[in-house]
Amino acid sequence: MCGIVGYVGERAALPLLMEGLRRVEYRGYDSAGVAVAHEGRLAVHKRKGKVRELDAALPAAGLPGTTGIAHTRWATHGEPSDANAHPHTDAQGRIAVVHNGIIENAAELRARLAADGVAFRSETDTEVLAHLIAARPENSLLDAVRAALRQVKGAYGLAVIDAARPEAIVAARNGGPVVIGVGDEEMFVASDASALMGHAKTVAHLDDGEIAEVRADGFSVLTLEGTETAKATQALEGEAAGFDKGDYAHFMRKEIAEQPDAVRRTLMGRLDARFSTAHLGGIELAAREMLDIRRVKILGCGSAGYAGVLGAHLIETLARIPAHAEPASEFRYRNPVIEQDTLYVAVSQSGETFDTLAAIQEVKRKGGRVLGVVNTVGSTIARECGRGVYLHAGPEVAVVSTKTWTCTAVAFALLALQLGRVRDLSAAQGARLLAGLSALPDQIAGIVAREAELAPLTARLVRSEHAYFIGRAAGYAVAMEGALKLKEVSYLHAEAYAASELKHGPLALIAPETPTVVVLPDDELLAKNLSTIAEVRTRQGPVLAITHPGVKVDGVEAAFAVPRSEPELAPILMNVPLQLLAYQVAQGLGRDIDQPRNLAKSVTVE
Ligand code: F6R
């Protein structure tokens, strides 16, 4: 989704802005642009396409100027084009605006400005803002932007510069994340703290309804109504190395390989051998409160939601609390009943997904309590929940989730263990799971090292147009995630079904040219899954299996066995070969793996 970067300081702004744009590229975008203020004028360059195309279009000597803003755009209003790319400027080319989000009353404002003689050069809602700000009579840019925003309805994270007053960037937030980065005699603005890694030492997050004036030597924050707000800064966590592919061809592959370390970090300090339990301090639930939980409802979108499906299964199995996962994107539209004794858990890698945030706000508005399971420290969802579990997976740069899916599943295993141990789960069972969790990192490393063994499965999928993924119970969560991963990066049509549902309809789709990938653990459902495989084989459907060593299946075309683990944790391991499979198929088909078409890393619009 759109990315914002801004710089004000003593250094040349352009190289820093371009570096920041490369850091936010992973969010997904279709055009990019930059504006730098110098000697009372703005230099603005914008291009449809990738940041490297913008780079190639810039003057060889760079641009003079120490204040600037830049943007990667993911089209909402108006097709991807040079004209619709940000920054947008007013008629005099004095004010430049970059904006994430949607201005809902843009049409009305546009008509009003057009009636006053403003000629528009783009189809975007953002251009309206540039003209509105330029028309304001206020003396400071801060006051002009504040006054303009009071006429605006909608969601935004934005940054504005004025060539006539280049000493400050004005940034504002209402729904779209904005982070201010503090350096030495220089300041940054970004939609995503990852853009600031290696430059800013500390960061401050704007809250909705706030506007900031950011100067080289500091910043001040007001509400849109004009009340000053004290903003605490916090250390910028994370390592710039996360944003470097190293020797890998793609971030997706690098992040798959990083999973053993990522899982170690999710587990670190949270395994309590003395009481054979997990300890998630951030959930801030006393044993008494845990006992009072009658239901768990998990909310997340896409992969986060599928990790939640597995999480619900783990909680119900280990803690014997009825648990259910629901797409956060749907939740608020059905006027959900919120119960006092239900624990709501919101899952989000980015911590910025609009739909998940809206679901949390719906729960809170009706008096419910929500825990966050989030990767990005200090993100909007983490702050909105106020308590929960950080994954500590490190930055995930590929648009598709891999290591954060695994770490989310591990976090749910920890939560299920902790809830279970205040209820009926015995110490022996707790100790068994602790051992199983501790073994996961090395087991995952072992799977990743055997990537080459997936070649026969990859070869079959590369020559298919459709693929089905099936699994039972927790295996269904893995099937859903496996199908999503394959469709996202390979663009093959991949569909997941609960194995038990196959004969209630989807069996009609089985054909010799359409492979079915079966999640086939050696557990109490093995016989049922083998019957389903027989039904597929009877219809000449090719079967590929992710299974355990020693499982014998008639007629399977190719299989990959993951190491045996505690049964509850097997889905976590079974998902890893499916990540590698999606990656290999996408590679075989020559896809844009790290930035698949039409997708964005953090979906900050509805
Ligand atoms: C899939 C994927 C998406 C995200 C979804 C939620 O690979 O990445 O389905 O899982 O958009 O994103 P977060 O977890 O940031 O809330």
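Read-outs throughout are calculated quantities, based only on the coordinates presented, and are distinct from any laboratory measurement. It should be emphasised that the depicted structure is a prediction, and the values quoted were computed from it without experimental measurement. Cβ coordinates were reconstructed from backbone atoms using ideal geometry, including for glycine residues, and neighbour counts include every protein chain displayed.
Mind putting together the pair-distance distribution for segment 281-385? All Cα pairs, 10 Å bins, whole percent per bin, short to long. Bins of 10 Å from zero give 16, 52, 31, 1 percent of pairs. Counting only DSSP beta bridges with both residues in segment 253-447, the antiparallel share comes to about 10 percent.
Here segment 450-591 is treated with +1 on each Lys and Arg Cβ and -1 on each Asp and Glu Cβ, and its dipole about the Cα centre works out to around 280 debye. Listed by chain and number, the lysines placed with their C-alpha closer than 24 angstrom to that of residue 403 are 245, 254, 297, 485, 487, 601; residues fewer than eight positions away on the same chain are left out. Across the options 323, 379, 399, the greatest Cα extent toward the positive end of the charge dipole of segment 253-447 (unit charges at beta carbon of Lys, Arg, Asp, Glu) belongs to 323.
Report the calculated FRET efficiency for residue 39 and residue 598 (r = Cβ-Cβ distance, R0 = 45 Å), to the nearest 0.05. My answer for the efficiency is 0.65.
The alpha carbons of the chain occupy a box of 75, 55, 43 Å along the principal axes, longest dimension given first. Projection of the Cα convex hull of segment 3-243, averaged over all directions and equal to a quarter of that hull's surface, yields 11.6 nm². Considering only C-alpha atoms, what is the centroid distance from segment 118-186 to segment 42-71, in Å? So the separation of the two Cα centres works out to 19 Å.
Just tell me which aspartates and glutamates come within less than 14 Å, Cα to Cα, of residue 366; anything on the same chain fewer than 8 places away is out. Excluding near neighbours in sequence, the set is 339, 341. Maximal additional length on extending the residue 201-residue 120 stretch stands at 25.2 nm, based on 0.36 nm per residue less the C-alpha distance. Per the Kirkwood formula applied to alpha carbons, segment 450-591 shows a radius of gyration over Rh ratio, Rg over Rh, of 0.92.
Calculated FRET efficiency, residue 53 to residue 291, Cβ-Cβ distance, R0 = 41 Å: about 0.10 to the nearest 0.05. Evaluating 6.51 cos²θ - 1.76 cosθ + 1.60 at θ = phi - 60° for every residue in segment 258-271, the Karplus couplings come out as 7, 4, x, 5, 4, 5, 4, 5, 5, 7, 4, x, 10, 9 Hz, glycine and proline recorded as x. Note: relative contact order over the chain, using C-alpha pairs below 8 Å and six or more positions apart, is 12 percent. Summed over qualifying helices (DSSP H, 4 residues or more, each -39500 (n - 2.57)) and divided by its residue number, the chain shows a 222 nm mean residue ellipticity of -10500 deg cm²/dmol.
With the simple spin-label model, which puts each label point 7 Å out from Cα in the Cβ direction, the residue 76 to residue 466 separation comes to 3.5 nm.
Between segment 528-603 and segment 439-494, what is the C-alpha centre distance in whole Å? About 3 Å separates the Cα centre of segment 528-603 from the one of segment 439-494.
The Rg/Rh ratio of segment 253-447, with both radii computed over alpha carbons and Rh defined as the Kirkwood radius, is 0.95.
Place a label point 7 angstrom from the Cα of residue 522 along the Cα-to-Cβ direction, then list the residues of segment 549-572 whose backbone nitrogen is under 13 Å away. From segment 549-572, the list is 549-553, 561-567. Distances between placed amide hydrogens fall under 5 Å for residue 369 paired with 344, all partners being 5 or more residues away or on another chain.
With the simple spin-label model, which puts each label point 7 Å out from Cα in the Cβ direction, the residue 235 to residue 249 separation comes to 3.8 nm.
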